[in-house]
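Here, each number is a calculation from the coordinates, and none is a lab measurement. Only a predicted model underlies this, so the values are computations on that prediction, with no experimental measurement involved. Quick reminder, even Gly has a Cβ in these numbers, built from the backbone with ideal geometry, and neighbours come from all protein chains shown.
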Amino acid sequence: MNKNLPAIFVILATFFMISFITNILGPIFPELIKSFAIGMTLAGFFPFAFFAAYGVMSIPAGLLAQRIGEKFVMLLAFCIAMVGALLFAYWPTFELAMIALFLVGSAMAFLQVAINPMLRRAGGSEHFAVLSVVAQLLFGAGATLSPIVYVNLAELSQQPDSFLISLVPQHMSWLSMYWLFAALCFVMFIWGAVTRFESRGHSDDYAKTYSLAESMALFKNKVVVKYFFAIAAYVALEQGVANSISIFMLQVHDMDTQQVGASVVSEFWLMLTVGCVVGLAMMKLFDVRKVLAWFCIGAGVSLAIAIFGSATMALWAFPAAGFFLSIMWSAIFSLALNSFSDGHSAIAGILCTGIVGGAVISPLIGLLVQTSGSLQLALLVLFLPLGYMLRVANSSNPLVNNHTLRFFEKKSAEQEA
């Protein structure tokens, strides 16, 4: 099938936006505690409100995408995200912050559900695994740039001649990011509205539609459940590592959270982006299941070195873990959708519900720290989701395999003809 390049560009830019917005919570977390004068326990409700939205809104988003179309869901998501960002920027109180972050999280859930089937159609099912890695590459770029933009924009907002000084309170310079989010969401809404996407009649995604009861019944499908938990495992692993790096470097190696911890976190996301480039090349040469298995093993080795190695080892092992995490989301999602011939919007909704795994891992690690008295022992829980993903890599049997280049395979007479 022919690729719809304008649609692919919009979808890939949306992946960047999702990451750019989602991964600002880590860098501004200390400022949230300071601005609202709260402790770590209450502050934990900020990421919880955001990721809990995935658990609540992903299935309704999938149903809405089936009934009306993914483009409508995408445009609606940018509107919701813009409202949430403006609500946070205009009235920065703790209570409204919870509502605003839930709205933004809901919008991200809508986008995740809509754009994965859209990317599969726009680029072709046989290229979906590779395009998913490109999307993950831009996702990593968004996560890497978000803290950099935040630091510079926060400084700009406090300049006497800055246009932001009238919009951002002096002690809440981080709010400048939410003004930026609102503006970017408006731009993405216009871009998406003027872009042509494939109609329903051109896609097998609409060969069958699912009601709410039928969507919930998908949880009885063993293949759906397997990939649902695989997505939950990946998000738990990613957020568990990313959110633990700074505090780990402080508690275990007595290193400053801002000078060292934040730098290692940035390198973690940067290496996740670099890993996407390498993973992209490997997926053109090898079956996605093999690549996923190899990267799971690499992540396990890197994580073990980071947890139990010296301070010097941890400084490079945590970013190395990010490198090996790079292709896991895209590999799992492509394997899941390519395991079914129809109903991809509903299935994507089920899969994105698994992102709620990001809401539970940090409290779980905190509970294990209290129980064991050791952050190093508590982080061993991250090997459970990693082991599960390795099992999924070895047991998957998709209907459509990713397209690979075969340099040395001899063609048959029919293929030559």
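Per-residue Cβ neighbour counts within 10 Å put Glu267, Glu31 in the sequence Glu31, Glu267, beginning with the fewest.
A simple rule links phi to the HN-Hα coupling: the Karplus curve 6.51 cos²θ - 1.76 cosθ + 1.60 with θ = phi - 60°, which for region 282-296 gives 5, 6, 7, 10, 10, 4, 4, 5, 5, 4, 4, 5, 4, 6, 4 Hz, with x for Gly and Pro.
If you take every residue apart from Arg391 with its C-beta less than 15 Å away from the C-beta of Arg391, what net charge results, scoring Lys and Arg +1 and Asp and Glu -1?
Summing Lys/Arg as +1 and Asp/Glu as -1 gives +4.
Look at where the Cα atoms of region 275-330 and of region 122-161 average out, and the two centres are 20 Å apart. Estimated translational diffusion coefficient (Stokes-Einstein, Kirkwood radius over Cα pairs, 25 °C, 0.890 mPa s) of region 105-188: 162 µm² per second.
The ranking of Trp269, Trp91, Trp329 from fewest to most other beta carbons within 10 Å of each one's beta carbon is Trp91, Trp329, Trp269. Rounded to whole numbers, the Karplus 3J(HN,Hα) couplings from phi for region 190-197 are 5, 4, x, 5, 8, 8, 8, 10 Hz, using 6.51 cos²θ - 1.76 cosθ + 1.60 with θ = phi - 60°, and x at Gly and Pro. Applying a DSSP loop filter and a limit of 10 other Cβ atoms within 10 Å to the chymotrypsin sites (Phe, Trp or Tyr not before Pro) in region 108-150 leaves nothing.
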